[in-house]
Amino acid sequence: MRVLFAISHPGFLRNFESGLRALLRRGHAVHVVLERDADTDSIGGAALQVLERAGADGALTHAVSRALFDSEWSALTRQLRMARDFWRYVDPLYDGARLLRERVRAETPAFATGLLAAPLLRPVADRVVHAVERRLPLPAAVSQLLDEARPEAVIVTPLVYIGSDQVQLLRAARLRGIPVVYAAGSWDHLTTKGLVHDLPDVAVVWNEAQRDECVKWHHVPAERVQIAGAQAFDHWFDQRPLV
């Protein structure tokens, strides 16, 4: 099977090395798409080593597509998603996390923060904004990527960063009937980041707590959520004492 693995930041590769290697060992061909280069002088430089190690197990290719989500609509679609990402933090649950709320507010367009004074309008505004954002054209480069890679499955992570463009790859793949897997990138992503704006076919999470968060906060049906464990720590199972 041909798998397209879309990862926004190369640093996240460290969290998915065991998954990549498992796919390759089972005979699947994996093409990793990064949205930025791995800086060898930063934590992202570890991505290069991950790709080298995993590539020894099978057919692994990778590419950097910096302009994957660029289009004349990019700025608008991002602003609309950022508005919805911020509105989740208005929930009283986040009253005790004001620093987190303010951090997201700093990235939010003015029209979204202005609705704080009209709480009865927010649910309506959320539905309208989501409907508009979903109907705007998808970037041509996303379609071109799917044409060239011809994946039989797409994996996307982290997906939930504020205003993330990755939802457009999810939509484009699902329009073509390609199954899409959302893979939770870290323990806090479902509570301290943005929304899962469109439903994946499967959401792979770490534990029961993340499954509940996926259902409650992101409205992913429980039957689509699979618990796979905290793959970022799989390497500990291979550790052995030195003495």
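The values are calculated or read from the model by the stated rules, or taken from the named source; none is laboratory data. Predicted model, so just to flag it, every value in this text is computed and none were measured. So basically every Cβ, Gly included, is an ideal-geometry build from the backbone, and we count neighbours across all protein chains shown. For the accessible areas, the whole protein counts, side chains as well, though only heavy atoms, and no ligand, DNA or RNA atoms are used. Shrake-Rupley method; radii C 1.70, N 1.55, O 1.52, S 1.80 Å.
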Is it fair to say GLN210 is closer than 18 Å to VAL142 by Cα, open to solvent by less than 10 Å² (accessible area, probe 1.4 Å) and of a type outside the set (A, V, I, L, M)?
-> no
Criterion: closer than 26 Å to SER143 by Cα and open to solvent by 30 Å² or more (accessible area, probe 1.4 Å) - qualifying residue of ALA67, ALA106 | ALA67
Determine whether LEU159 is touching an Asp or Glu at 6+ places or on another chain (Cβ under 6 Å) and either on the phi > 0 side of the Ramachandran plot or open to solvent by less than 60 Å² (accessible area, probe 1.4 Å) (or both).
-> no
Buried (at least 17 other Cβ atoms within 10 Å of the Cβ) and out of contact with any strand residue (DSSP E or B) (no Cβ under 7 Å at 6 or more places or on another chain) - does that describe any residue in the stretch 213-222?
-> yes
Among residues belonging to the stretch 165-190 that are modelled with pLDDT of 95 or more and of a type in the set (S, T, N, Q), point out the one that is farthest from GLY229 (Cα to Cα).
-> GLN168
Read through the list (1) closer than 20 Å to ARG36 by Cβ; (2) assigned to a helix (DSSP H, G or I), then give the number of the only condition that ASP126 fails.
-> (1)
From the set of residues in the stretch 23-45 that are assigned to a helix (DSSP H, G or I), under 20 Å from the mean Cα position of the chain (by Cα) and buried (at least 16 other Cβ atoms within 10 Å of the Cβ), which is modelled with the lowest pLDDT?
-> GLY44
Among the helices (runs of 4 or more DSSP H) contained in the stretch 143-243, which hold 3 or more residues that are among the hydrophobic types (A, V, I, L, M, F, W, C) and over 18 Å from ARG84 (Cβ atoms)?
-> 167-175
